[in-house]
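Here is the structure we will look at.
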Amino acid sequence: METTRSTNIDQLNYEEIQSSVLSTTKLFRQVFAWMFGGLLLTTISSLFFAFNPEAISYLFSVNENGAKLNILGWLVMLAPIGFVLIMSWAFNRLNYFQLASIFILYALVNGISLSFIFYAYEIGSIFKAFLSASTLFGVMAIAGYTTKTDLTSFGRILIFGLIGIILASVINFFMKSDTMDYVLSIITVIVFTGLTAYDVQKIKMLSYQNDGSVIYKKLGIIGALTLYLDFINLFLALLRLFGNRKN
């Protein structure tokens with residue numbers, strides 16, 4: 001006897017499914033293209049300043065007490081924070097070209113600020129931390145993309161954890177406690193490992209809302225910025241935990 005099949009899959013439209021998949025693929029292609037492009041620019045600028053004494057000398061003032069960051073050096077160190085705030089708070093006001101230009105400039109300047117790690121850590125430790133961060137990031141990105149579990153509540157907890165890290169880091173800037181720095185590094189690895197999965201899932205959900213608008217097109221850049229920050233913070237935390245400092 002023939003049975004009647006009436007399930008949700010029978011009600012799905014193939015064109016709608018195909019459109020949704022293509023929309024998701026397109027957005028992720030843009031996100032990761034911008035992210036990897038940003039990381040490439042950061043790597044190039046950091047290596048240039050790390051191995052070019054003449055270039056790095058512009059960031060320091062030398063006196064009888066040694067070398068200290070000058071105004072330009074402090075500007076380079078603090079400017080990335082400003083770029084991130086501009087891209088986040090002025091997202092709706094900036095057009096695509098302006099947002100892309102700020103992201104490129106941010107990646108370059110952030111590379112200059114990160115060049116200082118080559119003076120503090122052995123290059124082997126930097127390479128190992130980079131590989132470890134890449135592996136963790138890749139695993140959690142796949143997990144965030146493929147999981148069926150809604151990570152929204154989990155993400156809120158992680159964001160509160162991130163706020164706690166920022167406040168504790170400011171306090172430790174004055175306390176200069178090695179123990180507190182070590183604990184914060186462990187927590188940072190945990191938080192940004194989780195945020196990677198959460199952010200990838202969030203980008204995936206946003207990709208379903210493709211309406212062809214300018215705002216949607218800019219999501220590729222702001223999504224890349226989000227994942228770029230996840231990776232960089234994960235990398236730096238791992239470097240602080242396991243990196244061998246130069247004598």
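The requirement of being out of contact with any Asp or Glu (no Cβ under 8 Å at 6 or more places or on another chain) and closer than 30 Å to Lys246 by Cα is satisfied by Ala133.
Any idea how many residues of segment 81-127 are farther than 16 Å from Leu40 by Cα and not β-branched (Val, Ile, Thr)?
We begin by selecting, within segment 81-127, every residue farther than 16 Å from Leu40 by Cα; these are 81-99, 116-125.
From what is left, the residues that are not β-branched (Val, Ile, Thr) are 82-83, 85, 87-99, 116, 118-122, 124-125.
Residues that pass the stated criteria total 24.
Filtering segment 226-247 to residues that are of a type in the set (S, T, N, Q) and part of a helix (DSSP H, G or I) leaves Thr226, Asn233.
Mind telling me which of the residues Gly144, Gly164 ends up being touching a residue at least 24 places away in the same chain (Cβ under 8 Å) and assigned to a helix (DSSP H, G or I)? Spell out the reasoning first.
On the way: Gly164 fails: touching a residue at least 24 places away in the same chain (Cβ under 8 Å).
Result of the check over Gly144, Gly164: Gly144.
Name the helices (runs of 4 or more DSSP H) wholly inside segment 36-136 in which the number of residues that are crowded, with 19+ Cβ neighbours inside 10 Å, among the β-branched types (Val, Ile, Thr) and in contact (Cβ under 8 Å) with a residue 60 or more places away in the chain is 2 or more.
Numbers: elements: 53-56, 71-89, 96-114, 117-120.
Because the criterion is at least 2 residues that are crowded, with 19+ Cβ neighbours inside 10 Å, among the β-branched types (Val, Ile, Thr) and in contact (Cβ under 8 Å) with a residue 60 or more places away in the chain, the helices (runs of 4 or more DSSP H) in segment 36-136 that meet it are 96-114.
Of all residues in segment 166-186, those that are closer than 18 Å to Phe130 by Cα and β-branched (Val, Ile, Thr) total 1. A count restricted to segment 188-225 and to residues that are in a helix (DSSP H, G or I), over 23 Å from Leu167 (Cβ atoms) and not small (Gly, Ala, Ser) stands at 15. If the condition is being within 13 Å of Leu239 (Cα to Cα) and small (Gly, Ala, Ser), then segment 80-136 contributes Ala120, Gly124, Ser125, Ala129, Ser132, Ala133, Ser134.
Only the coordinates and a few stated rules stand behind these numbers; no lab work does. What you see is a predicted model; the values in this text were computed from it and never measured. Glycine gets a Cβ as well: all are built from the backbone with ideal geometry, and neighbour counts include every protein chain shown.
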